[in-house]
Amino acid sequence: MRRKRWLSYSLRDSGMNPRGFHPSQIKFYLVLVPLAAFMLLPIVFIFSHAFKPPEELFAYPPRFFVVRPTLKNFTDLFARISTSEVPVSRYLFNSVLVTLLTVLASVGVGSTAAFALSKKRFRLKNTLFAINTVALMFVPVAVTIPRFLIIQQLGLLNTFWVHILPALAMPVGLFLLKQFMDALPNEMIEAAQIDGASDLQIYWHIILPLTRPALATIAILAFQASWNNVDTSAMYINDEQLKTFAFYLSSLTSTTAGANLVAGQGMAAAASLIVFLPNLIIFILLQSQVMSTMSHSGLK
Amino acid sequence: MQTEWRSQLSRQWRKEASAYGFIAPYAVLFAIFIAIPVLAAFLLSFTFFDSIQPPQFNGLLNYIVLLTQDDIFMRYVLPNTIQFAVLVGPGGYVLAFLLAWMLAQLPRTPRTIFALILYSPSMTGGVAMAVVWQTLFSGDQNGYLNSFLLSLNLIQAPIQWLQSPEYLMTIMIIVTLWSSMGVGFLAMLAGMLDINPELYEAGALDGVSSRWQEIIYITIPSMKPQMLFGAVMAIVGAFQAGTIGVALSGSNPTPQYAGQLIVNHIEDYGFLRYEMGYAAAVSVVLLLMVLLFNRLANRLFRED
């Protein structure tokens, strides 16, 4: 699939995927630098705000950047007991556990299904993939109510599992994994079959190692869906002990109205940073894997 | 004869059993949390259901009420949803394409940095970050935007950004666009980088002379599958982002229904008024809108 790019400079340069700087790129920098700076503002603000001492949080006129950074907001956040006497560390623990299990399980469920759809032959194969492709346009918020009723009927309301189970079937994830596996050569699998390998062995020893970029991509998508999820805690969970950190963050500003506004704002900023940072770190670590998966994302 | 047929069937079944085993966990979860809810929404939309007594069939009544008597739906929710979806969906999509097109023409390192910056807001989305927006758009003179505009003498008094009907929708659209450079944007960027450079040369020989012609005649046709994937993601994102108005203003309904979208209308009827049958009918309308947009995207980019 890699093309010989060094051949492409002969006739007319398309300018696509250049190897170095060229004056023609200046106009793009002129657009992209201000735009990127603008898009970065809220994120810089999260970082700056989280480390502001109280007098800066409530200074007039307000200052965008922190002058004397402090960790006070973070210590306040973890020292605080929520209105229903649940410590913040509990929400964080729930989030970490829920996210970890969701990422592992959705990678497992998605990759086994993609293996069957890509490399196995069975009668319902094309039908099932077609259904999944239609489900790419599934908008979960549209069916909030029937989903609620089903979760209620299954007895999942107010349980730990309601954080995980509904998030596992990810049509986009299965789609990307299957497309990626389609590009893997079949010869290796056939050779393994001749050597007497079972499907499980083929899946584990051949498919999984070769699909790593796609698995990383699905892991990121599952991570983002789970770690940032507010709705599950808000709708399906009553027990404060079972709610997650992202939900706690969203409730911080509403419960700390009035006298506690200054402290509440600082803690909310610190909590926003805690929610945002893992997303950023994981994506930076895995971004090259994501891009190579996206090459196979086409919908035909 | 029959036994032979049966043994053949069982042999085939045994051969396929492993494939079904691999797909079963996904299929079961898909059925429970995606397929059945969609089907249930459709069925419930023909009933009266208050979640206490079993659903009672009432035919098309919900739809008739929705189209003829639901003043709020017709006056606020539907126009708001269309305005929001068109600006955030196709608007965000065109923006994502243009940004990807510019990034594809930069060397690898700056490209990666810009892609990371543009993608990072979509990691958390608008709703989880509502707290940050509430601080930036805070309505008193201490709000960051207010203070900034006051210091420039652009406004005379602080503005209640998130509580005033004339600004809420604009802010919702900006916030959602800000966080909309997601998977679809990355897919289009990757697709663009994978286009064979020889196509551009061939195009030049055939008389393609400007960048604009290049986009229309070479770039877009060569990456139709990614264009379609990006379009589907943009459409889903636009409708999925519907809860942002409630998250920003802190109330459902939003102030004077200014930011009320169809998703909020569903929650309003389903969870605040317990008219689940009616809410299901609204859900079906929403799913049909998504379907309609997707048909359009398919018409534009499907290869055949």
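As a summary of the residue check, residue B:237 satisfies the conditions (1) farther than 23 Å from residue A:136 by Cβ; (2) modelled with pLDDT under 90 except for the one numbered (1). For segment B:184-229, filtered to residues that are aliphatic (A, V, I, L, M) and in a loop (DSSP other than H, G, I, E, B), the residue that is surrounded by the most Cβ atoms within 10 Å (Cβ to Cβ) is B:223. The single condition among (1) buried (at least 23 other Cβ atoms within 10 Å of the Cβ); (2) more than 24 Å from residue B:92 (Cα to Cα); (3) within 22 Å of the chain's Cα centre (by Cα) that residue B:276 does not meet is (3). A single member of B:123, B:74 is farther than 18 Å from residue B:240 by Cα and assigned to a helix (DSSP H, G or I), and it is B:74. For segment A:36-126, please list each of the helices (runs of 4 or more DSSP H) lying entirely inside it that holds at least 1 residues being surrounded by fewer than 15 Cβ atoms within 10 Å (Cβ to Cβ), away from chain B (no Cβ under 11 Å) and among the hydrophobic types (A, V, I, L, M, F, W, C). Qualifying helices (runs of 4 or more DSSP H): A:72-79, A:88-119.
In segment A:79-86, is there at least one residue being free of Cβ contacts under 8 Å to residues at least 40 places away in the same chain and closer than 30 Å to residue B:119 by Cα? Checking segment A:79-86: not a single residue is free of Cβ contacts under 8 Å to residues at least 40 places away in the same chain and closer than 30 Å to residue B:119 by Cα. The residue that is nearest to the other protein chains (Cβ to nearest Cβ), counting only those in segment B:248-266 that are surrounded by fewer than 23 Cβ atoms within 10 Å (Cβ to Cβ) and out of contact with any Pro (no Cβ under 9 Å at 6 or more places or on another chain), is B:250. Here is a list: B:61, B:44, B:99, B:67. Which entry is surrounded by 22 or more Cβ atoms within 10 Å (Cβ to Cβ) and farther than 21 Å from residue B:177 by Cβ? Criteria check complete, one pass: B:44. Among the residues making up segment A:17-35, those that are surrounded by 11 or more Cβ atoms within 10 Å (Cβ to Cβ) and either more than 7 Å from chain B (Cβ to nearest Cβ) or not in a helix (DSSP H, G or I) (or both) are A:17, A:18, A:21, A:22, A:24, A:27, A:29, A:33, A:35.
Of the candidates B:152, B:145, the single residue that is surrounded by fewer than 23 Cβ atoms within 10 Å (Cβ to Cβ), more than 7 Å from every other protein chain (Cβ to nearest Cβ), over 16 Å from residue A:39 (Cα atoms) and free of Cβ contacts under 8 Å to residues at least 24 places away in the same chain is B:152.
In the set (1) without any contact (Cβ under 8 Å) to a residue 12 or more places away in the chain; (2) within 30 Å of residue A:170 (Cβ to Cβ); (3) within 9 Å of chain A (Cβ to nearest Cβ), residue B:194 fails one condition alone, (1). Here is a check on your reading of the model: is residue B:26 more than 14 Å from every other protein chain (Cβ to nearest Cβ), buried (at least 17 other Cβ atoms within 10 Å of the Cβ) and not β-branched (Val, Ile, Thr)? No; evaluated as a whole, the condition is false for this residue.
Scan segment B:7-58 for residues that are assigned to a helix (DSSP H, G or I) and over 30 Å from residue A:114 (Cα atoms) and the total you get is 2.
Checking each residue in segment B:89-107 for being free of Cβ contacts under 8 Å to residues at least 12 places away in the same chain, within 8 Å of another protein chain (Cβ to nearest Cβ) and in a helix (DSSP H, G or I) picks out only B:102.
Flag set for residue B:260, criterion: of a type outside the set (Val, Ile, Thr), part of a loop (DSSP other than H, G, I, E, B) and in contact (Cβ under 8 Å) with a residue 24 or more places away in the chain. Summed over segment B:161-178, the residues that are in contact with a helix residue (DSSP H, G or I) (Cβ under 9 Å, 6 or more places away or on another chain) and either among the aromatic types (Phe, Trp, Tyr) or under 12 Å from residue B:89 (Cα atoms) (or both) give a count of 5.
Checked against (1) under 14 Å from residue A:171 (Cα atoms); (2) under 23 Å from the mean Cα position of the chain (by Cα); (3) more than 9 Å from chain B (Cβ to nearest Cβ); (4) not hydroxyl-bearing (Ser, Thr, Tyr), residue A:135 meets all criteria but (3).
Looking only at residues of segment B:276-304 that are part of a loop (DSSP other than H, G, I, E, B) and either touching a residue at least 12 places away in the same chain (Cβ under 8 Å) or among the polar types (S, T, N, Q) (or both), we find that the one that is farthest from the other protein chains (Cβ to nearest Cβ) is B:302.
Across segment A:230-265, the qualifying residues are those that are within 8 Å of chain B (Cβ to nearest Cβ) and in contact with a helix residue (DSSP H, G or I) (Cβ under 6 Å, 6 or more places away or on another chain), and the one among them that is modelled with the lowest pLDDT is A:253.
The values are calculated or read from the model by the stated rules, or taken from the named source; none is laboratory data. This structure is a prediction, so every number in the text was calculated from the model and none was measured. With ideal geometry, Cβ positions are generated from the backbone for all residues, glycine too; neighbour counts draw on all protein chains shown.
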